[in-house]
Amino acid sequence: MDADPDNDDAREAINRSHAMLAKDPGAAIADLEAWADRGSVLAMAHLAGVYYAGKHVQRDFRQANSWYRRAELSGWPEASFMTGLTAMQLGEEEAAFAAYSRGARLDHLPSIYRLAIMYGDGTGTEEDPVAYRSLLERGAAMGHMYSRRDLGLAYLKEGSGLSLMRGLAMIAGVYLSALGIAARGIATGREIDDRLR
């Protein structure tokens with residue numbers, strides 16, 4: 001394995017290979033696989049994304065899942081979330097639950113949220129309202145908008161006194177935050193993704 005398979009020169013070569021997909025998908029895939037075999041997480045992420053999207057190659061959630069899992073094992077935290085997404089596409093709910101759990105342990109906000117949803121509706125695990133609420137509270141405290149929204153809705157469902165007020169305030173805060181981000185226009189796509197997924 002190279003000392004740093006994702007150094008600047010390698011990244012340039014990998015991005016060139018990715019750009020080749022439209023002209024020569026076979027050669028591009030072979031080149032990306034060679035980089036991945038050297039340990040490049042960037043190449044693994046590109047391969048996973050190519051198979052997930054199905055652009056220039058046939059969509060293949062099994063291949064995408066395999067590459068995301070490999071990237072996860074190589075240290076890319078977001079790959080836990082993507083492994084969970086592809087596992088759900090494959091109907092592998094327990095595997096998705098395990099992947100989101102790994103991402104949640106790394107404080108990955110979208111993983112925390114998806115794990116909460118799985119506990120909330122009993123997908124891939126036993127339904128657990130306490131874990132659902134706890135994960136929503138954790139995500140909300142970290143600024144995740146969907147967690148804040150769903151926690152606000154949970155407060156509203158309780159429907160009395162302080163819970164009702166907390167729910168209304170939380171939901172209003174979510175929408176005001178979204179408007180503020182849009183109005184400022186300073187949020188990056190990644191910041192919005194992490195707060196919304």
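Every number here is computed from the coordinates shown, using simple stated rules; none is lab data. Only a predicted model underlies this, so the values are computations on that prediction, with no experimental measurement involved. Please note: Cβ atoms are built from the backbone with ideal geometry, for glycine as well, and neighbour counts cover all protein chains shown.
One table, with the values for the structure above:
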quantity: For region 1-152, Kirkwood radius (reciprocal of mean inverse C-alpha pair distance, Å); calculated: 16.3 Å
quantity: Ranked list, fewest to most other Cβ atoms within 10 Å of each Cβ, for Asp60, Asp31, Asp8; calculated: Asp8, Asp60, Asp31
quantity: Cα centroid separation - region 73-103 against region 22-40, whole Å; calculated: 23 Å
quantity: Per residue convex hull volume, Cα atoms of region 69-150, in Å³; calculated: 75 Å³
